[in-house]
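The values are calculated or read from the model by the stated rules, or taken from the named source; none is laboratory data. Note that this is a predicted model, so its numbers are computed, not measured. Here the Cβ positions follow ideal geometry from the backbone for every residue, glycine too, while neighbour counts run over all protein chains shown.
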Amino acid sequence: MTDNSSSPSNSWPLDQFVQDPGYLAYQEELRCLIFNTAQTAAPSRETSPAPGEDGPPGEDFEALAQTKAALSTGRRLVYLKNYVAEVAPWLDMFDSERAFTVQVPVLARRCPALLYAILALSARQMERKEAKQHSFDSLELYQEAIRLLNPLLQARDLTIIPICVILCCLEMMSASPQDWRRHLEGCAALFDAFDINGFSGGLLQAVFWCYVRMDLCGALISDGTQGTIVPLEKWLPSGANPTSAADLFREHQSPDMHANYSVYLCSKVSELVADRTRYIELGESNGCDSAVFERRWLRLWHDLQAWLQDRPPEILPVKIIDSRPFPQILFVHWAGISSNQLYHTACTLLLGSKPREIKLDVGHTGSAIWHAKCICGISLTNPHQGCLNNAIQPLWIAGRLLSHKSEHLLLSKLIQSIEAMTGWATCWRIADLENAWGYKVR
Ligand SMILES: *[C@@H]1O[C@H](CO)[C@@H](O)[C@H](O)[C@H]1NC(C)=O
């Protein structure tokens, strides 16, 4: 875990945006504002923000006029269209109700801060995709969003939660891997302070799950040394028994929730591996001795196989072709793509830390290489953008296990195409893989 081949590379190409003093100052300000709010929290109103909810008539009129004016200048309409067509579908990957595509823009009509946040995110994505180096509309929009957010934070208006998560996505899009967690901490503090979890209902629940997907990415980047920032028991309703988490997810009876369960399970694996690493390498007294580790390991393995067994039809592949070097595995439902990939990721990680005492007699399910090939095959077969940029860490985990040159080449091409297609910074992982393989493929 401490060798160089597995730590995130230093070859991260900073884009100009991240170095802009204006951006850095605002980002720091946002962080402080969020932490201040989180420390003194207690929501002023208990209800979830609902699209089209009526505030006081005068205030509402003013907000509508403000958002209308915001859209009448520059390329803002282009940004809004790009948000709806390109960015929101990533965020809604596990959401047939399409919270980010439909509910958030509707809510934004009456909330200028939210509107500026989505415009900023969308502008940033277009700038990255077009590899723009110098002009940053996104910066101005980001700053305006933060300015408008401030009074909402003071008022403890719950709309701050989607706004902060969207601004966090913007930061993540060009964050260096070393900074990844720092950007997530603010949102984590808000969820904690306002008592929001994966079962809170409505838009806030959707936003929570969107956030934890990024949190899990951070845990995967840490390469077995850290779990998620929001601890797993806080994903569940307060007082819920973690050993019956499976039932909580099952009760929902929705394919999306089954997909979200895979995010939960994969995060559990990161937590377990990190606990064990820290117990052994840092002597942390977290109770993760061999016996405990073995018990937790087996339980998780069992939960993962149950996840696979219990998949609703929407999450099942419609076609599997056992081709080389990678199998082709086609899904029609977006949530199927990433959730199955996370299942394979979780299995790969677990198998990588399997206690010697445990003997599995399960055919290919017990083979880390087989899972790794499925991870790659899923991304190559299903070109959905949201799933592609969520695939980067799984692809890196899988890629390290591949030994064939042809596989390396295919994988590095895939990762490059993901950055070109989505604007999401991903190519730094190729350098990390090359380190692990011991030679340069490009
Ligand atoms: C599952 O997670 C997505 C975000 O990844 C979220 O939008 C959706 O609402 C969640 N589904 C349920 C049923 O909570």
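In this structure, does ILE415 turn out to be at pLDDT 95 or above, part of a helix (DSSP H, G or I) and under 22 Å from ALA219 (Cα atoms)?
no
Would you call ALA193 surrounded by fewer than 19 Cβ atoms within 10 Å (Cβ to Cβ), hydrophobic (A, V, I, L, M, F, W, C) and either more than 21 Å from ALA88 (Cα to Cα) or within 16 Å of the ligand (Cβ to nearest atom) (or both)?
Considered against the rule, which asks whether it is surrounded by fewer than 19 Cβ atoms within 10 Å (Cβ to Cβ), hydrophobic (A, V, I, L, M, F, W, C) and either more than 21 Å from ALA88 (Cα to Cα) or within 16 Å of the ligand (Cβ to nearest atom) (or both), ALA193 comes out as yes.
So, in the range 355-371, of the ones that are closer than 22 Å to GLY227 by Cβ and buried (at least 16 other Cβ atoms within 10 Å of the Cβ), which residue ends up modelled with the lowest pLDDT?
It comes out as ALA368.
Of all residues being acidic (Asp, Glu) and surrounded by 22 or more Cβ atoms within 10 Å (Cβ to Cβ) in the range 71-118, which is nearest to the ligand (Cβ to nearest atom)? Just the residue, please.
Here the answer is ASP95.
When the range 309-338 is examined, which residues are found to be within 21 Å of TRP209 (Cβ to Cβ) and in contact with a helix residue (DSSP H, G or I) (Cβ under 6 Å, 6 or more places away or on another chain)?
Hits for the range 309-338 are PRO312, GLU314, ILE315, PHE331, HIS333, ALA335, GLY336, ILE337, SER338.
What number of residues within the range 352-394 are more than 15 Å from TRP301 (Cβ to Cβ) and under 24 Å from the mean Cα position of the chain (by Cα)?
23
Looking at the range 274-292, is at least one residue within 11 Å of the ligand (Cβ to nearest atom), buried (at least 22 other Cβ atoms within 10 Å of the Cβ) and on the phi < 0 side of the Ramachandran plot?
No, the range 274-292 contains no residue that is within 11 Å of the ligand (Cβ to nearest atom), buried (at least 22 other Cβ atoms within 10 Å of the Cβ) and on the phi < 0 side of the Ramachandran plot.
Give the residues of the range 202-247 that are farther than 22 Å from ARG299 by Cα, away from the ligand (no atom under 16 Å from the Cβ) and of a type in the set (Gly, Ala, Ser), sorted by residue number.
Those that are farther than 22 Å from ARG299 by Cα, away from the ligand (no atom under 16 Å from the Cβ) and of a type in the set (Gly, Ala, Ser): SER222, SER238.
Restricting the range 248-273 to residues that are over 24 Å from ASP289 (Cα atoms) and among the hydrophobic types (A, V, I, L, M, F, W, C), which is nearest to the ligand (Cβ to nearest atom)?
MET257
Is there a residue being under 16 Å from THR345 (Cβ atoms) and in contact (Cβ under 8 Å) with a residue 24 or more places away in the chain anywhere in the range 227-236?
Yes, the conditions are met somewhere in the range 227-236.
Could we say that ARG182 is within 16 Å of the chain's Cα centre (by Cα), within 15 Å of the ligand (Cβ to nearest atom), basic (Lys, Arg) and at pLDDT below 95 here?
no
Among the residues of the range 185-227, which ones are β-branched (Val, Ile, Thr) and closer than 20 Å to ALA335 by Cβ?
VAL207, VAL212
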